[in-house]
1. Could you list, ordered by first residue, the pairs with Cβ atoms under 7 Å in which the first is in region 69-89 and within 24 Å of residue 109 (Cβ to Cβ) and the second is assigned to a loop (DSSP other than H, G, I, E, B), at least 6 apart or interchain?
2. Residue 219 - would you say it is outside any loop (DSSP other than H, G, I, E, B), touching a helix residue (DSSP H, G or I) at 6+ places or on another chain (Cβ under 9 Å), more than 29 Å from residue 52 (Cβ to Cβ) and at pLDDT 90 or above?
3. Scan 23, 17 and give me the residue that is at negative phi and surrounded by 16 or more Cβ atoms within 10 Å (Cβ to Cβ).
4. Mind counting the residues in region 236-261 that are closer than 25 Å to residue 95 by Cα, in contact with a helix residue (DSSP H, G or I) (Cβ under 8 Å, 6 or more places away or on another chain) and surrounded by fewer than 17 Cβ atoms within 10 Å (Cβ to Cβ)?
5. Hey, can you tell me all the residues within region 100-140 that are outside any helix (DSSP H, G or I) and crowded, with 18+ Cβ neighbours inside 10 Å?
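The values are calculated or read from the model by the stated rules, or taken from the named source; none is laboratory data. Nothing here was measured: the structure is a model prediction, and the numbers come from that model. When we count neighbours, we look across all protein chains shown, and the Cβ atoms used for this are built from the backbone with ideal geometry, even at glycine.
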């Protein structure tokens, strides 16, 4: 890439580095041109590629389904409308099977989560050097095109769901009911310390389980694509074998990217269902 021969380690580091914007130690602001510069920018640095692709894919999602809704017909549906209706029915079935309360937000939220995460995951199926190579041609040093391989993105979505969990827990159960569950479930008043420990860990584990499961699976998938890409520099035989591996892994990865979007959506529905349940 960029016309320079990279070692295997440098190639891997390059593909795992985000396009980072932040404040340099000398007080100036700009883009990091190396791992060390990105690290020096600290916590408040911004991953421009994660934000850019997340927002762009969110806009694409809204555009496609808005267009389908405007052009929907009661007659024989076209291919895109048929596909959109299938997704809507799939989400509706999932919500009805996992959510026992009544809340008009849950189905649209589940729909948005599933499609948006699927689109972000799907970026992993684009040839791994294609977009970063184009970016380097215009002077962009790094470009990670899969937002869900960035823990900032997965934790951001998970914390959004977590705030909804807390909001509906307080709304449905009241402050007393919510803290009563933390203090007195499942062992009653005599088990107060154990109850707080168990329920506190259970509460905190929800955003962590949502974010790390998605991040870990997608990061591992991207790493495998990077390692397979290294085989192309090993000669004709090794490169041909790498091509077969890449095709096989891409086909298998279609299942993974869909499954991870489905799991995140399903856990969101289940957690919000738990937030709507009152224990007496």
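1. Between residues of region 69-89 that are within 24 Å of residue 109 (Cβ to Cβ) and residues that are assigned to a loop (DSSP other than H, G, I, E, B), the close pairs are 81/72; 85/77.
2. Numbers: outside any loop (DSSP other than H, G, I, E, B): yes; touching a helix residue (DSSP H, G or I) at 6+ places or on another chain (Cβ under 9 Å): yes; more than 29 Å from residue 52 (Cβ to Cβ): no; at pLDDT 90 or above: yes.
When the stated conditions are applied, residue 219 does not pass them.
3. On the way: 23 fails: surrounded by 16 or more Cβ atoms within 10 Å (Cβ to Cβ).
17 is the lone residue from the list that is at negative phi and surrounded by 16 or more Cβ atoms within 10 Å (Cβ to Cβ).
4. 3
5. Just the residues of region 100-140 that are outside any helix (DSSP H, G or I), to begin with: 100-105, 126-129, 138-140.
Selection gives 128 alone.
So that you can scan it fast, the table gives a plain yes or no per residue for (1) at pLDDT 90 or above; (2) over 30 Å from residue 231 (Cα atoms); (3) surrounded by 13 or more Cβ atoms within 10 Å (Cβ to Cβ):
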residue: 32; (1), (2), (3): yes, no, yes
residue: 38; (1), (2), (3): yes, no, yes
residue: 50; (1), (2), (3): yes, no, yes
residue: 67; (1), (2), (3): yes, yes, yes
residue: 75; (1), (2), (3): no, yes, no
residue: 80; (1), (2), (3): no, yes, yes
residue: 89; (1), (2), (3): yes, yes, no
